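Notes to accompany the following structure.
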Amino acid sequence: MTEENLICAYSGLPSPASYILEQQKQEAVLLKSKKASFNESDKDRIIQMAWEDRTPFEAIEFQFGLKEKEVVEFMRNNSRPSGFVMWRKRMKSRKTKHAALRAATVHRFKCSRQRGTGNKIAKR
């Protein structure tokens, strides 16, 4: 959109499209700052969850707010090129990495043997 499209021709006031554009810019800045705020332990956990075969991308989104495309971008930026290629090749064929492709009987993000301590990622 050009600047002249964002001003109403009759009143000279900003159009609703300009408000929407401004809101999208603010959301993009907020999202970028959120992704940049991961500490080292969060980064390690995201990488670990991404490599795990039975952890779906939806679980990563639930815990860290990263969608599948963002996880791929995260892995691309935080892995060696050869490691990223291996990971991408492995994840492409995994049915367990996508909740929609999983068996209908699986309705959880965690292992059935995982303790229920209230911690989202507590393991045995």
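The values are calculated or read from the model by the stated rules, or taken from the named source; none is laboratory data. Given the structure is predicted, the values throughout are model-derived calculations rather than measurements. Cβ: placed from backbone, ideal geometry, glycine included. Neighbour counts: every protein chain shown.
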Anything in region 35-63 that is crowded, with 19+ Cβ neighbours inside 10 Å, more than 18 Å from Gly83 (Cα to Cα) and of a type outside the set (Val, Ile, Thr)? List them, or say none.
Pro56, Phe57, Ala59
Could you say whether any residue in region 54-67 is touching a Ser or Thr at 6+ places or on another chain (Cβ under 6 Å) and at pLDDT below 90?
yes
Among the residues of region 66-94, how many are in contact with a Leu (Cβ under 9 Å, 6 or more places away or on another chain) and surrounded by fewer than 12 Cβ atoms within 10 Å (Cβ to Cβ)?
0
